[in-house]
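Please read the structure below before turning to the comments.
The values are calculated or read from the model by the stated rules, or taken from the named source; none is laboratory data. Because the structure is predicted, anything quoted here is derived from the model rather than measured. Reconstructed Cβ throughout: ideal geometry from the backbone, glycine too, with neighbour counts over all protein chains shown.
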Amino acid sequence: MSLESVRYSRGSLAVLNQLLLPRESRYEPISGVREAWEAIRAMKVRGAPAIAIVGCLSLAVELHRAEAKEKEQLLTFVLDSLAFLVTSRPTAVNMARAAGELSAFVRREAERAGATSESIQESVIRWAEDLLMKDTQDNKKIGDHGARHLVRRIPGQPVTVLTHCNTGSLATAGYGTALGVIRSLHAMGRLAHVYCTETRPYNQGARLTAYELVYEKIPATLIADSMASVAMKEKGVSAVVVGADRVVANGDTANKVGTYQLAIAAKHHGIPFYVAAPSTSCDLDLKEGAHIVIEERPGEELTDLNGERIAARGIGVWNPAFDVTPCGLITGGIITEFGVFAPQELQAALAKFTKERSSNCPQKVSRDPSAEVEKEPGGCNPEQD
Ligand code: MRU
């Protein structure tokens, strides 16, 4: 069985407290929106897709448990709760995007002839449950597209991947994004080795990715972030694959701090650099990465280790949690559930594929990106697998 960041059944939600890993595996109940907001802010649950899933499911659980509300009161509660959840962490777009889509959806549901509080409540709960289910499905597609692409691009030899931060089951509903690509390569028997960075200062790589790799029996080696360039030079790294917190219209990508320097080093060594991200991590409303708000976290994450001060007292600290990798450094491509695209192809490809998906399932995708942003020239060109 795979690791689970979230345990959900109707009316009940628990998250694996990732602050305690790998020492202790403890699931903690989340009874509603306020508790979810606190768990996200404290990083008990983290990773762009998992943040949105826990946020939306906490609303589902609170609705399921609460006394019935009047229609107007219910609508206000749902909209206010979503707006509040968006304030938990600013950089990953997934919660904001889910909140925008679910808010539009619930407004439409409320206007439907014959809509009752019960029917609205049920449709919100189902929407959140769908998000959970769809995330794992999309991650498996990302894994499959990415692995097949890498095998084609690096023929005749097993692939060695360097990855950063944690993008696995713990950061998603299951399977993972960049780690999903690694998992798929391993399942195909085409993975030689993984190098995972410890991911200072929060150590998501050492604490979480290393834990997942060991758990999945995937051959892997932990390196300090400062060893990445020499690993690229000496360890036969064939590709760098990372996740994303927000990919904007031109392909610029915000991800865990340290991603940018990996992309620079990969370019220097002629190693293809990939971002693996579901369309739910893409924000086509922003034209370029300079507009992304980067979360700054407490200085103690740098100055202290396990609650003990290691840095000289009095030193100033700058602790941005993310950085932006310019699209020009994403030399391999962006691996999505729809295929692998060059950064400049992403916008048109997402417009096409999300439109197709929304016409198959109209209530799920309420936003047509092509209607809101100026398109880049050039059509979509998904990798043919
Ligand atoms: O601060 P975190 O741990 O939430 O940051 C997580 C990352 O940067 C991940 O790489 C990203 O969210 C992708 S998770 C599939």
- request: Would you be able to say whether some residue in the range 125-141 is closer than 23 Å to residue 263 by Cα, part of a helix (DSSP H, G or I) and not acidic (Asp, Glu)?
  value: yes
- prompt: Quick one: what pairs do we get from the range 23-34, first residue of a type in the set (D, E, K, R), second part of a strand (DSSP E or B), C-beta under 7 Å, 6+ apart or different chains?
  reply: 28/14; 28/15
field: Selection status of residue 226, over 17 Å from residue 5 (Cβ atoms) and in contact (Cβ under 8 Å) with a residue 60 or more places away in the chain
entry: no
statement: Those residues of the range 150-175 which are of a type in the set (A, V, I, L, M, F, W, C), within 11 Å of the ligand (Cβ to nearest atom) and either in contact with a Leu (Cβ under 6 Å, 6 or more places away or on another chain) or assigned to a loop (DSSP other than H, G, I, E, B) (or both) amount to 165, 170, 173
- prompt: Which residues, counting only those in the range 296-317, are of a type in the set (Asp, Glu) and surrounded by fewer than 11 Cβ atoms within 10 Å (Cβ to Cβ)?
  reply: 308
- line: residue 162 fails exactly one of (1) touching a Phe, Trp or Tyr at 6+ places or on another chain (Cβ under 6 Å); (2) at pLDDT below 95, namely (2)
message: Anything in the range 176-188 that is within 10 Å of the ligand (Cβ to nearest atom) and in a loop (DSSP other than H, G, I, E, B)? List them, or say none.
response: 176, 177
- prompt: What's the number of the condition residue 172 fails, among (1) of a type in the set (S, T, N, Q); (2) touching a Pro at 6+ places or on another chain (Cβ under 9 Å); (3) surrounded by fewer than 19 Cβ atoms within 10 Å (Cβ to Cβ)?
  reply: (3)
field: Selected residue (criterion: nearest to residue 66 (Cα to Cα)) from residues of the range 78-125 that are touching a Phe, Trp or Tyr at 6+ places or on another chain (Cβ under 8 Å) and among the polar types (S, T, N, Q)
entry: 123
- prompt: How about the range 206-217: which of its residues are buried (at least 20 other Cβ atoms within 10 Å of the Cβ) and farther than 12 Å from residue 22 by Cβ?
  reply: none
- request: State yes or no: is residue 10 modelled with pLDDT of 95 or more, basic (Lys, Arg) and either within 15 Å of the ligand (Cβ to nearest atom) or closer than 21 Å to residue 254 by Cβ (or both)?
  value: no
Near pairs, Cβ below 9 angstrom, 6+ apart or cross-chain, from the range 189-218 (assigned by TED's automatic domain parsing to the domain that holds residue 158 and assigned to a strand (DSSP E or B)) to any residue that is modelled with pLDDT under 95 and not β-branched (Val, Ile, Thr): 192/157
Subset of the range 262-292 that is more than 24 Å from residue 348 (Cβ to Cβ) and more than 14 Å from the ligand (Cβ to nearest atom) - its residue that is surrounded by the most Cβ atoms within 10 Å (Cβ to Cβ): 266
- line: Listed by first then second residue, the pairs whose first member lies in the range 42-63 and is more than 11 Å from the ligand (Cβ to nearest atom), whose partner is among the hydroxyl-bearing types (Ser, Thr, Tyr), with beta carbons under 6 Å and at least 6 positions apart or on separate chains, are 57/8; 59/81
query: Name the pairs: first residue in the range 74-91 and in contact (Cβ under 8 Å) with a residue 40 or more places away in the chain, second residue within 16 Å of the ligand (Cβ to nearest atom) and of a type in the set (Lys, Arg), Cβ to Cβ under 6 Å, at least 6 apart or on different chains?
result: 88/41
